[in-house]
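Worksheet for the structure shown next.
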């Protein structure tokens, strides 16, 4: 174990951070059309039944189903067309359009194509037997009065928007965008074209991966603060600004064993001006061990590895689950599916291991092939992967042929 | 079978429409940061190896691994610190930072914590045996020259953005937004609060469901044209405008058996001014049978049911797959997973049936519970569902306990 590091379990980190942070995200009222993929701030229940009464689902004639029991093309049943009123008896039929309220006395609707009319005599002939409630949208069949339409914390999907519209709301309260500042640390890093390499530099890709991964969540507003060299003063300055401007701050790079650990040292630098709390120096996960979790003035700070995959995994398993835990978000959990391992996947006792997986359909199962890892950055493994296998800290791994649960990327 | 309808298979509709339409979507160049969830217009291959040379993955000393074979804390191996140059021999070590190119003669890097120095004598002691290539990011290990970074038609995810950045590009060509106009038909439909119901109207929810479902795709630019009553003239006017302004037009409502079928009749209305092609009047699917597919001036027109679920399913299985087929899009296919049916799910020979499913984890499988359907609109079934079961046209259905593939919503 490297000096100064103690590897805390992921779930413990999240719990401890949630307990200590004073982060609070307020509500904002938005037009319903803008609520998609935001997080509901309120639990909304229906004040009414929908439909609010039995109504016709087609254009046709409302009638008593009883009257048509023996109807057929060879035995058409004549009914008197009633053109007005909201009541019929079983010798009558009332023309209705889609959405019309059923008149009293009617319990079904026959479609136009199952009728013909004798207009001179004001008679409609019914050529089929119509069961009770045929072509009727029944009161409350869609949404019942008191039904929950959307719960507080729910990721708002298209059907929630439709249901909220159905109860007559055109605006909805959601959590405002969660502001996340991202700082990229590394003297070797440059933005630019491939000439960066010939000049001995390294093109920064970790910020691209982090920023675009954050942009996948429409309730997050990420802001990039650029690349800063391995200078404690310069990092401190940027961190100070990012903490003030955001709800959560993420750094990547300049951390962990084998580096000068500048990013962590910056916390000492800031102690005079800001309140620093260390949640965990090191997290019991692979990749991502050198991750540090802290609070600055009560705001969460995640200091991630500079390696793209390690930073990406930490975002998925630490940062996003922390936000989900804080706001009790439902609907952003990774999709977990059962699969058959095609090769052994090695874990690491004491660490939660996240293996990249190439999943594919094989006969009547999903096969999960662990991707061989040749290096620590290795974006390629993420490009080839479409799933992640979480090997829990108390497991040595899984054997070929084992049934495992994988998370779809 | 209703008069005038002939139910064509879904895949046949898509093929026929793709063959007949003259729809073409051009490229647009965007900043890499704006390319997320757009569709790549070009196949991009790497012009270089990444890393472009063997480089250090940590801060430490570059050395010959051979020289450290017997090193341990009790047997530290002394090496001469070489502070300059790009070449060492096996008695030397060169200080390196993360990202630095390995000097000639070096094949590994030892981390600072596995060393101590005697600065007066310019000697570093190595306290562990260092295997070849330890802490080295090898040339081409991430991306090899000629490797495909992203293929034409690929939905661009965060790792593609990172990889494109790694090869020095800051802009990328993507398909421009696909413009889809949505027209909502129905004299009974209103926008507004719950007083709509007491006034005998029906609140329009289908447009909310369609528009927000389309907004889920960041390469689609949907525009809503509002609600129009069942008037052929008024629908024709709006359709005319929507066809001019969009790549694809969707109508919902006013179609199918049991209605006055106004939306379809509008096509006759427009024949004088615009070139109309009928691909299919009716589609062999449930829900969604009354769907009509046509072209207007070569542009695709989907005339969907006014019922929210039917319209939503048609969007998922007809409209989006048509776009995917046209641009050869990879990466937006629904995620299909194996599951065990908890109840019988009834199909309909000749029709592709899409049953809403409540999927949940049960022991080491996923259980799939078909949701009972009480009505034809019934938004509730979509709110309760998290998956869809496609029962193909040649199947009578599945029994309780059958292993099926469900699509995650």
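The values are calculated or read from the model by the stated rules, or taken from the named source; none is laboratory data. Everything numeric in this text was worked out from a predicted model, so none of it was measured. Ideal geometry is used to build each Cβ from the backbone, glycine not excepted, and the neighbour counts take in all protein chains shown.
A few notes on this one:
- Some residue of region A:249-256 being at pLDDT 95 or above, touching a strand residue (DSSP E or B) at 6+ places or on another chain (Cβ under 9 Å) and farther than 30 Å from residue B:136 by Cα: no
- Those residues of region A:366-385 which are at pLDDT 95 or above and surrounded by fewer than 18 Cβ atoms within 10 Å (Cβ to Cβ), in sequence order: A:367
- Scan of region A:186-195 for residues that are farther than 26 Å from residue A:236 by Cα and within 7 Å of chain B (Cβ to nearest Cβ), ordered by number: A:193, A:194
- Per the conditions (1) in a loop (DSSP other than H, G, I, E, B); (2) over 22 Å from residue B:289 (Cα atoms), the sole criterion not satisfied by residue B:394 is (2).
- Filter result for residue B:181 (facing another protein chain (nearest Cβ under 7 Å) and either in contact (Cβ under 8 Å) with a residue 40 or more places away in the chain or not in a strand (DSSP E or B) (or both)): no
- All positions within region A:262-281 that are within 14 Å of another protein chain (Cβ to nearest Cβ) and in contact with a strand residue (DSSP E or B) (Cβ under 9 Å, 6 or more places away or on another chain): A:262, A:263, A:264
- Residues of region B:139-148 satisfying the condition of being in contact with a strand residue (DSSP E or B) (Cβ under 6 Å, 6 or more places away or on another chain) and more than 8 Å from chain A (Cβ to nearest Cβ): B:146, B:148
- Failed criterion for residue B:65 (all others in (1) within 14 Å of chain A (Cβ to nearest Cβ); (2) at pLDDT 90 or above; (3) surrounded by 17 or more Cβ atoms within 10 Å (Cβ to Cβ) hold): (1)
- Filter result for residue B:83 (at positive phi, over 38 Å from the mean Cα position of the chain (by Cα), at pLDDT below 95 and more than 12 Å from chain A (Cβ to nearest Cβ)): no
- All of B:56, B:24, B:46 fail the test of being free of Cβ contacts under 8 Å to residues at least 24 places away in the same chain and either under 30 Å from residue B:171 (Cα atoms) or in the same structural domain as residue B:390 (by TED's automatic domain parsing) (or both), apart from B:24.
- Among the candidates B:169, B:155, residue that is crowded, with 20+ Cβ neighbours inside 10 Å, in contact (Cβ under 8 Å) with a residue 24 or more places away in the chain and within 30 Å of residue A:387 (Cβ to Cβ): B:155
- Just one residue in the set B:192, B:201 is over 21 Å from the mean Cα position of the chain (by Cα) and at positive phi; that residue is B:192.
- Here region A:49-75 is the region considered, the condition is being in a loop (DSSP other than H, G, I, E, B) and touching a helix residue (DSSP H, G or I) at 6+ places or on another chain (Cβ under 7 Å), and the residue that is farthest from residue A:219 (Cα to Cα) is A:59.
- Boolean, residue B:207 is in the same structural domain as residue B:299 (by TED's automatic domain parsing), under 16 Å from residue B:323 (Cβ atoms) and either part of a helix (DSSP H, G or I) or at pLDDT below 95 (or both): no
- Output for region A:205-218, where each listed residue is more than 7 Å from chain B (Cβ to nearest Cβ), crowded, with 23+ Cβ neighbours inside 10 Å and in contact (Cβ under 8 Å) with a residue 60 or more places away in the chain: A:206, A:210
- Filter result (over 16 Å from residue A:365 (Cα atoms) and either facing another protein chain (nearest Cβ under 10 Å) or modelled with pLDDT under 95 (or both)) within region B:335-344: none
- Qualifying positions in region A:282-298 - more than 13 Å from chain B (Cβ to nearest Cβ), under 25 Å from the mean Cα position of the chain (by Cα) and part of a loop (DSSP other than H, G, I, E, B): A:288, A:291
- Whether a residue is farther than 30 Å from residue B:155 by Cβ and surrounded by 21 or more Cβ atoms within 10 Å (Cβ to Cβ) was assessed, and residue B:109 passes this test.
- Test: residue in region A:232-244 that is touching a helix residue (DSSP H, G or I) at 6+ places or on another chain (Cβ under 6 Å), more than 11 Å from every other protein chain (Cβ to nearest Cβ), under 30 Å from residue A:157 (Cα atoms) and surrounded by fewer than 21 Cβ atoms within 10 Å (Cβ to Cβ): no
- Criterion (touching a residue at least 24 places away in the same chain (Cβ under 8 Å), assigned by TED's automatic domain parsing to the domain that holds residue B:246 and either within 30 Å of residue B:175 (Cα to Cα) or out of contact with any strand residue (DSSP E or B) (no Cβ under 8 Å at 6 or more places or on another chain) (or both)) met by exactly one of B:18, B:35: B:18
- All told, residue A:301 meets the bar of being away from every other protein chain (no Cβ under 13 Å), on the phi < 0 side of the Ramachandran plot, touching a residue at least 12 places away in the same chain (Cβ under 8 Å) and not in a helix (DSSP H, G or I).
- Scanning region A:184-204 for residues that are buried (at least 24 other Cβ atoms within 10 Å of the Cβ) and part of a loop (DSSP other than H, G, I, E, B) yields A:186, A:204.
- Taking the conditions (1) away from every other protein chain (no Cβ under 14 Å); (2) under 19 Å from residue A:182 (Cβ atoms); (3) surrounded by 20 or more Cβ atoms within 10 Å (Cβ to Cβ); (4) touching a residue at least 40 places away in the same chain (Cβ under 8 Å) in turn, residue A:329 satisfies each one other than (2).
- Test: residue in region B:376-387 that is within 17 Å of residue B:216 (Cβ to Cβ), outside the structural domain of residue B:158 (by TED's automatic domain parsing) and assigned to a strand (DSSP E or B): yes
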